[in-house]
Amino acid sequence: MYLLAGSVTFEDETGRRGTFSQGDMFLVKQHAQCSQESREHAAKVYAMFRPA
């Protein structure tokens, strides 16, 4: 995921949190159990990889 604007916070099933802001690029592992929170407008570009 690449954040064009704003920020998002992800929290995994163990309670570990990570906040990402405009300009950040990051990966979320397939089947990850996490929640996403955004307290402001967030514009993002993301892709999903599915092997054939």
> Looking at the range 17-40, which of the residues that are at pLDDT 95 or above and part of a loop (DSSP other than H, G, I, E, B) is nearest to the chain's Cα centre (by Cα)?
Replying inline: ASP24
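Which residues, counting only those in the range 41-52, are assigned to a strand (DSSP E or B) and either touching a Lys or Arg at 6+ places or on another chain (Cβ under 7 Å) or hydroxyl-bearing (Ser, Thr, Tyr) (or both)?
Correct list: empty.
Select from the range 1-39 the residues that are among the polar types (S, T, N, Q), farther than 21 Å from PHE49 by Cα and surrounded by 10 or more Cβ atoms within 10 Å (Cβ to Cβ) and list them in ascending order.
Passing the criteria: SER7, THR9, THR19, SER21, GLN22, SER38.
The values are calculated or read from the model by the stated rules, or taken from the named source; none is laboratory data. Keep in mind that this is a model prediction, so the values were computed, not measured. Cβ atoms come from the backbone with ideal geometry, glycine included; neighbour counts cover every protein chain shown.
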